[in-house]
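See structure below.
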Amino acid sequence: MTVAGEMRQYQVVGRKAATDENPNPEAYRMIIFAPNPVTAKSKFWYFMRQFRKMKKTTGEILDCVEIVEKNSRIVKNYGIWLRYDSRSGTHNMYREYRDLKLTGAISQLYDEMAGRHRTRPRSIQIIRTATIGAGELKRPNGSQFAARKVRFPLPHRVSSAKRGQKALSDRTFSTVRPTTYFG
């Protein structure tokens, strides 16, 4: 599994295939983070083999739906509990991220775990996720942005143009240095 772009959240429901002995077997539901529905179904069968005596050849997928977050305009704090396999063993971990959506926080998690711990996406298992209030944050990096009156000053801005457009001065080259202090 590769993580290209933002991860998506899927609800996958599956069960053992119906037989004459058991015409209505018990259904299992999982919330899985994956880049596409095919990978989500594959991860569902991976976990079902671990937890129950069931695999893809003896089971069936009843439903696979993408879960979309309702309010994705407010920045929230997310706590993520996970386990991952490293070169030396299996480790449990708790991480905190700030993002607009849970899927964005999960994407940050996969990127950071690849950078800091050289962890492949296939070796990360997300145990639990939660939205956390500002007072419940444990890590100093997230709590510095959770203050009520946090400000983001913009020092030393350069008034330049976007690619393919002329600058504000309508000249490509200039004989004076740009003014970066507008205070």
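The values are calculated or read from the model by the stated rules, or taken from the named source; none is laboratory data. Worth saying up front: this structure is predicted, and the values here are computed from it rather than measured. Heads up, the Cβs are rebuilt from the backbone with ideal geometry, glycines too, and the neighbour counts pull from every protein chain shown. Side chains are part of the model used for accessible areas, which takes the heavy atoms of the whole protein and leaves out ligands, DNA and RNA. Shrake-Rupley method; radii C 1.70, N 1.55, O 1.52, S 1.80 Å.
A compact table of results
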quantity: Accessible solvent surface per residue of the chain, calculated while the other protein chains remain in place, 1.4 angstrom probe, Å²; calculated: 73 Å²
quantity: Potential lengthening between residue 42 and residue 128 on full extension [0.36 nm per residue; Cα-Cα distance subtracted]; calculated: 29.0 nm
quantity: Binned Cα-Cα distances of the chain, short to long, each 10 Å bin given as a whole percent; calculated: 8, 25, 24, 19, 13, 6, 3, 1, 0
quantity: Scaled radius of gyration (Cα, divided by 2.2 N^0.38 Å) that the range 2-103 gives; calculated: 1.28
quantity: GluC sites (Glu not before Pro), loop per DSSP, at most 15 other Cβ atoms within 10 Å - longest free stretch of the chain; calculated: 70-183
quantity: Peptides ranked, highest mean first, by Cβ atoms within 10 Å: ranges 141-154, 74-87; calculated: 74-87, 141-154
quantity: Contour minus Cα-Cα distance for residue 52 and residue 179 (0.36 nm per residue); calculated: 39.1 nm
quantity: Residue of 90, 39, 129 that the Gaussian network model of the chain assigns the largest fluctuation, springs spanning Cα pairs under 10 Å; calculated: 90
quantity: R0 of 35 Å, Cβ-Cβ distance residue 63-residue 152: FRET efficiency to nearest 0.05; calculated: 0.25
